[in-house]
Amino acid sequence: MKLTTHHSPLTTDLSVNIAGIKMKNPVMCGSGTFAFGEEYAEFFDLKEMGAIVTKTITLKPRKGNPPPRIKETYSGMLNCIGLQNPGTEAFIRDKMPVLRKPGIPIIVSIGGETEQEYTDITRELKGVRGVSGIELNISCPNLHPHLSPLPSRERKEKERLRMFAQDEKAAAGVVRRVRRITRLPLIVKLSPNVTDIKIIARAVERAGADAVSLINTPLGMAINLEKRTPCLSNTTGGLSGPAIKPIALRMVREVYNTVRIPIIGMGGIMDARDALEFMVCGAKAVAVGTANFVNPRAIPEIIDGIRKYMVENRIKKIGLLVGSLKAK
């Protein structure tokens, strides 16, 4: 007689804690790809997400760069939106009430051209109900419009301030200043447009960052051969989508082996397998970006896929996967 073994249904725990931000699962949206959530609420219940990361806000409203601002590429897309947003005051007044409705953590992404702008926005966010954490976007490659028309001295100063994430002292400086004025968890968004991302990660950790998110978009460009002109108004733009995933995985692994603070991985995540690969490389949570443009239900599908993988592989807690890569 053949004996049949009956397994009780596996209870899976997808919850994660990122620097005090308690999430029911490790999947959030990438800043700049989800606006402020209203549009995607038509496709799925936002309560399913681990957290919402807002579009990056600046102190004052920004119109962004002129069109054309998006160009499809092989396995990805280029964008030079330029942080178009309503500004901090309007964001708090008009967007936060909507963002609070799902009842999940809200991570507000902030950007600026100077340290003072970052600290001013952080002060404005003090006491705003529903803000669970702050993402310091110090790595947007499209913050400035063309710099060439500026006088040489002014242009040189603007270039110096172009991206905090490309200089360890500048990165640490802005983190240190913001850290002094808030107790909210600080997640620092790192740039792949550097020689060694580990140096920047160590610098922001020492300066008081509670977590890091990576990678932001690598700089790229596309050419209109008939006109012999750039396809984007800003000449260059940030490359996102599946094309950058191998770069992102490598950098997440490097940073995981360098810092002790949690990592939010991103860069070309299109499905659950992509997300799981980031976690195996060391990411404690993941952010889904360009996939939202292709499939507005990408996030809930990725969450379901992670859960199924855990059941199939008898993994009870999602944390057991983090950093589990078997490599020399």
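Each reported figure results from applying straightforward, stated rules to the coordinates on display, with no laboratory input. This one's a predicted model, so the numbers in the text were calculated from it and none came from an experiment. FYI the Cβ positions are ideal-geometry reconstructions off the backbone, even for glycines, and counts take in every protein chain you see.
Give me the percent of Cα-Cα pairs in the chain that sit more than 27 Å apart, rounded to a whole number.
That tail contains 42 percent of the Cα-Cα pairs.
Please build a GNM for the chain, connecting alpha carbons under 10 Å apart, and tell me which residue among Asn17, Asn216, Asn224 fluctuates the most.
With Cα springs under 10 Å in the chain, the top fluctuation among Asn17, Asn216, Asn224 is at Asn224.
Cα-Cα over 30 Å: which of Lys60/Lys101; Lys198/Lys317; Lys22/Lys189; Lys22/Lys326; Lys63/Lys284; Lys24/Lys169?
In this structure, Lys63/Lys284; Lys24/Lys169 exceed 30 Å between Cα atoms.
Top mean-square fluctuation among Glu277, Glu42, Glu115, Gaussian network model of the chain, C-alpha springs under 10 Å?
Glu42
Kirkwood Rh over alpha-carbon pairs of segment 46-134, then Stokes-Einstein at 10 °C and 1.306 mPa s: what D in µm² s⁻¹, rounded to an integer?
Details: Rh = 14.3 Å.
The diffusion coefficient I find is 111 µm²/s.
Compute the Kirkwood hydrodynamic radius of segment 226-328, taking the inverse of the mean of 1/r over all pairs of distinct Cα atoms, and give it in Å to one decimal. Mind dumping the intermediate values first?
Numbers: mean 1/r = 0.0670 Å⁻¹.
Result for segment 226-328 stands at 14.9 Å.
Can you check how the C-alpha radius of gyration of segment 177-254 compares to 2.2 N^0.38 Å, as a plain ratio?
Details: Rg = 16.3 Å, N = 78, 2.2 N^0.38 = 11.5 Å.
Relative to the rule-of-thumb radius for its length, segment 177-254 sits at 1.42.
How big is the charge dipole of the chain about its Cα centre, in debye rounded to the nearest 20, if each Lys and Arg gets +1 on its Cβ and each Asp and Glu gets -1 on its Cβ? Could the numbers behind the result be given before it?
Numbers: 49 positive and 31 negative charges, 155 e Å.
Result for the chain is approximately 740 debye, rounded to the nearest 20.
Just to confirm my numbers, what's the Cα centroid distance between segment 76-113 and segment 262-328 in Å?
Using only Cα atoms, the two centres lie 24 Å from each other.
Given Cα pairs under 8 Å that are at least 6 residues apart, what percent is the relative contact order of the chain?
Details: 711 pairs, mean separation 66.3, N = 328.
Once normalised by length, the contact order is 20 percent.
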